[in-house]
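Engineer: The structure is given below, and queries will be raised subsequently.
None of the figures in this text is laboratory data; all of them are computed from the coordinates on show. For clarity, every value in this text was computed on a predicted model and none was experimentally measured. Heads up, the Cβs are rebuilt from the backbone with ideal geometry, glycines too, and the neighbour counts pull from every protein chain shown.
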Amino acid sequence: MDADALASPLTTVALPAALGLIMFGLGLSLTPADFARVGRRPRAAVVALSCQLLVLPVIGFALALLFRLPPETAVGLMLLAASPGGTAANLYSHLFRGDVALNISLTAINSILAVATLPIVVNLSVAWFQPGELSIGLRFSKTVEVFLVVLGPVALGMLVRRLRPAFADAMDRPVRVVSVAFLTLLIGAAVAANLATLKDEVLALAGVTVAFCLLSLSVGFVVPRLLRVSRDQAIASAFEVGLHNAALAIVVAQSVLQRPEMSLPAAVYGVLMFPLAAVFGLVLTRTAPRQATAGAI
C-alpha cells in the first residue's frame, strides 16, 4: 500500500485539531471540583485502568486469532487495543449520565501510561504475528503532543468556564456537536482512502472491530458493577474502556510506524464505534429503571 494513502494533513493537522476541539468543548462543562470528587473515590479509576491495560489486549489478541487477521492488520488491532480511551468516550458518558470527570481523568492517566504500554503491546504483537522487520518507540515529542492534545484544550475550556461561565454554557453543546461531526468525517475519509486498496478485508475488519467494540464496552461496564462501583462511574468506565482513541492509533500507524495498512482496524473502528456506543448507551438507559425496580423488591 502507498504510504501516502492517508493524506499527511489528515493525520498531522486535521485529526489532532478535531481531538483538541472535542476536549475544549468538554472542558467547558468541567470544574476542578469534579476531579477532586474522583480522587475521593479511586476504586472506579483503578478498576477501569485494569480493564483497559490488562483485559483489552487479551481480547484484541484473541479476536485477531479468531478472525485470522493478516499480520499487519492483527498488529493494527493490537495497536488499537493498546491506545488510551478516546475523547468520544467523554461525550457519550455525558449523554448517558456517566461521571465525565472520571473519563477525563482516565484519559489523562492512560495517555501517560500509553507511552510505556503501547510500545510494549505492539512490539510483543510484532514478535508474535511477524509482519516484517518492525519495532515501535514513541518519541518524546510525540508523547508531549499526545499529552497536550488531551489536557491542553480541557484546561483552556475550564479556564473559559471560570472566566465566562455564561459563554461556556452557551457554547458547550454546539462545540461538542460540531467537533464530533468533524472527527467522524475525518475518520470516514481515512477509511475511504484505504478501502479501495484493501476492499477484500473490509468485511473481516468490520466483524472484528464490531466484536472488539462491543466486548470492550461490556467489560468496561460489567466488571466495575461486579466490583460494586457506582452506576454513573461504571457507565463512564464502559465508554472509556470501550471507545478507544482511534485517531491516535491512526496517527501512530501512519507517522511513527509508517505502515498505513496497520491503521485500517482503527479507521474502520473509528466509524463503527459511534453507532455501536449509541446503541449500548440506549440499552443502559432502558435497563436502568428495571434494575432500580428489581433492587427495590
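Engineer: Given points 7 Å out from each Cα along the Cα-Cβ axis, report the R41 to I112 separation in nanometres with one decimal.
Structural biologist: For the pair R41/I112, the computed spacing is 2.2 nm.
Engineer: Quickly work out the L65-to-R228 label distance, labels modelled 7 Å from Cα along the C-beta direction, and quote it in nm with one decimal.
Structural biologist: My value for the distance between the label points is 3.5 nm.
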